[in-house]
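Written below as structure tokens is the structure these notes are about.
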Amino acid sequence: MSINSLINLIKYNAKQLAREKGVKLSSAQELLAKQHGFSDFHELTTVSVRNIRDVRLASAAVGDTLDTGVLFESIEIVLEEAMSPEVALTNAVDFTIENLEVQSSKYDVAAEILIVEAFIHYAGEQDSERVVHATSFNIDAIFKFKIAGVNLILTDDEPITVVGSLSDSDLDHIEQIAAN
């Protein structure tokens with residue numbers, strides 16, 4: 001991936017922001033730059049040429065959320081596969097992502113991928129036929145993406161790593177121990 005791919009994604013995000021806020025593109029570019037720790041959009045573009053590894057660039061490219069369309073569906077599919085052993089132990093069905101928050105992101109120049117750490121609340125519907133256990137999970141995960149034009153695509157090789165997960169049942173147990 002070239003530097004231009006990352007910048008093109010950032011510019012695309014600025015265009016989306018301009019539409020959402022009803023402002024000029026230049027104003028949205030400045031706002032996006034400042035939201036991600038740059039003094040202005042000029043600094044962002046200068047840094048992109050000098051130091052593509054700057055974590056602020058990856059943050060501007062990814063944004064704060066990954067819950068858009070096809071990308072979100074792809075994330076749900078790989079998450080379902082990664083969490084299937086834990087989900088099998090619950091009394092819930094039809095798990096979906098209720099919340100997905102980007103915690104951090106960085107660009108791996110050598111591998112040409114964006115690495116995104118995210119917090120996910122993954123919840124299912126309680127199955128009345130089963131003994132009550134967990135119905136949701138709080139998950140810390142790492143996703144790997146390639147950039148294709150202005151799209152993020154999960155990598156074919158290990159697209160997700162679940163770093164940690166706690167079920168609502170686990171959290172209740174921890175709270176009971178802490179209270180005693």
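Would you mind getting me the FRET efficiency between HIS121 and LEU89? Use the beta-carbon distance for r and R0 = 25 Å, nearest 0.05.
Details: r = 18 Å, r/R0 = 0.72.
Efficiency computed from Cβ-Cβ geometry: 0.90.
Efficiency by 1/(1 + (r/R0)^6): what FRET value for ASP156 and ASN99, r their Cβ-Cβ distance, R0 = 30 Å, to the nearest 0.05? Walk me through the numbers before you get to the answer.
Details: r = 27 Å, r/R0 = 0.88.
According to the calculation, E is roughly 0.70.
Under a crude label model (7 Å from the Cα following the beta-carbon direction), how far is VAL49 from ALA178 in nanometres?
Going from the VAL49 label point to the ALA178 one covers 5.0 nm.
Given that just one value was derived from the coordinates, which of (i) 18.2, 66; (ii) 19.0, 60; (iii) 20.9, 70 is Rg and Dmax of the Cα atoms in Å?
(ii)
Checking the cross-link filter: which lysines have an alpha carbon closer than 18 Å to that of LYS144, excluding same-chain neighbours under 8 positions apart?
Excluding near neighbours in sequence, the set is LYS106.
Can you compute the modelled spin-label distance between GLU81 and SER27, with each label point 7 Å from Cα toward Cβ, in nm?
Calculated label separation equals 4.4 nm.
Can you compute the modelled spin-label distance between SER128 and GLN16, with each label point 7 Å from Cα toward Cβ, in nm?
Inter-label distance under the simple model: 4.0 nm.
Based on DSSP H assignment, which helices of the chain show an axial Cα extent of at least 30 Å together with a mean Kyte-Doolittle hydropathy greater than or equal to 1.0?
none
If we count other beta carbons within 10 Å of each Cβ, what is the order of ASP156, ASP40, fewest first?
Numbers: ASP156 8, ASP40 12.
Taking fewest neighbouring Cβ atoms as first place, the list is ASP156, ASP40.
Counting Lys +1, Arg +1, Asp -1, Glu -1, what net charge surrounds HIS121 among other residues with beta carbon under 10 Å of its beta carbon?
On the way: positive: none; negative: GLU98, GLU101, ASP168.
Here the charged neighbours net out to -3.
Could you compute the FRET efficiency for GLN35 and SER165, with r as their C-beta to C-beta distance and R0 at 30 Å, rounded to 0.05? Write down the numbers at each step before the final one.
Details: r = 29 Å, r/R0 = 0.98.
The computed FRET efficiency comes out at 0.55.
Every number in this text was worked out from the coordinates using simple rules, so none of it is lab data. Just so you know, these numbers come straight off a predicted model, no measurement behind them. Backbone-built Cβ (ideal geometry, glycine too); neighbour counts: all protein chains shown.
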